[in-house]
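Enquirer: Sharing a structure with you now.
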């Protein structure tokens, strides 16, 4: 998938994979790839700065945990993050509906 296609959607993707349980950075990257059926391979250089930014603005909180014998920073959604994720989902549905209407063959609005 073209990395430019993700521009503007990374926050929603990250918040979504952390929604159900706290995850560390590498597990977040794996979840993105798994949930997308392998279509999304997001580099660490994109994910970690985004996680830190989301934490700075209050959508995530983090803490150190031992995972598989290693200390890792795990991230969880805050109330603000949950609200923002719902806003992002709503915006995505509107966007996808509008684009789908344009791309659908043979369907033209009356007028």
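Enquirer: Ranked highest first by average number of other Cβ atoms within 10 Å, how do 33-41, 50-58 line up?
Expert: 50-58, 33-41
Enquirer: Another one. Quick check on packing: order 63-76, 16-29 by the mean number of other C-beta atoms within 10 Å, highest mean leading.
Expert: Values: 63-76: 12.6, 16-29: 17.3.
Ranked by mean Cβ neighbours within 10 Å, highest first: 16-29, 63-76.
Enquirer: Taking Rh as the Kirkwood radius, which is the inverse of the mean 1/r over Cα pairs, what is the Rg/Rh value for the range 46-111? Numbers along the way, then the final one.
Expert: Numbers: Rg = 19.0 Å, Rh = 14.9 Å.
Answer for the range 46-111: 1.27.
Enquirer: Relative to the first principal axis of the alpha-carbon coordinates of the chain, what is the inclination of helix 44-56, with its axis defined by its Cα atoms, in degrees from 0 to 90 and to the nearest 10?
Expert: Taking Cα atoms only, the helix is inclined about 80 degrees.
Enquirer: Which value, in Å to one decimal place, does the Kirkwood hydrodynamic radius take for the range 3-101 when every pair of different Cα atoms is included?
Expert: Averaging 1/r across every pair of different Cα atoms and inverting gives 14.1 Å.
Enquirer: Once both labels are modelled 7 Å past Cα along the beta-carbon direction, what's the residue 92-residue 21 spacing in nm?
Expert: Taking the two extended label points, one gets 2.0 nm.
Readers should treat all values here as calculations from the given coordinates under stated rules, not as data from a laboratory. Because the structure is predicted, anything quoted here is derived from the model rather than measured. We place every Cβ from the backbone using ideal geometry, glycine too, and count neighbours over all the protein chains shown.
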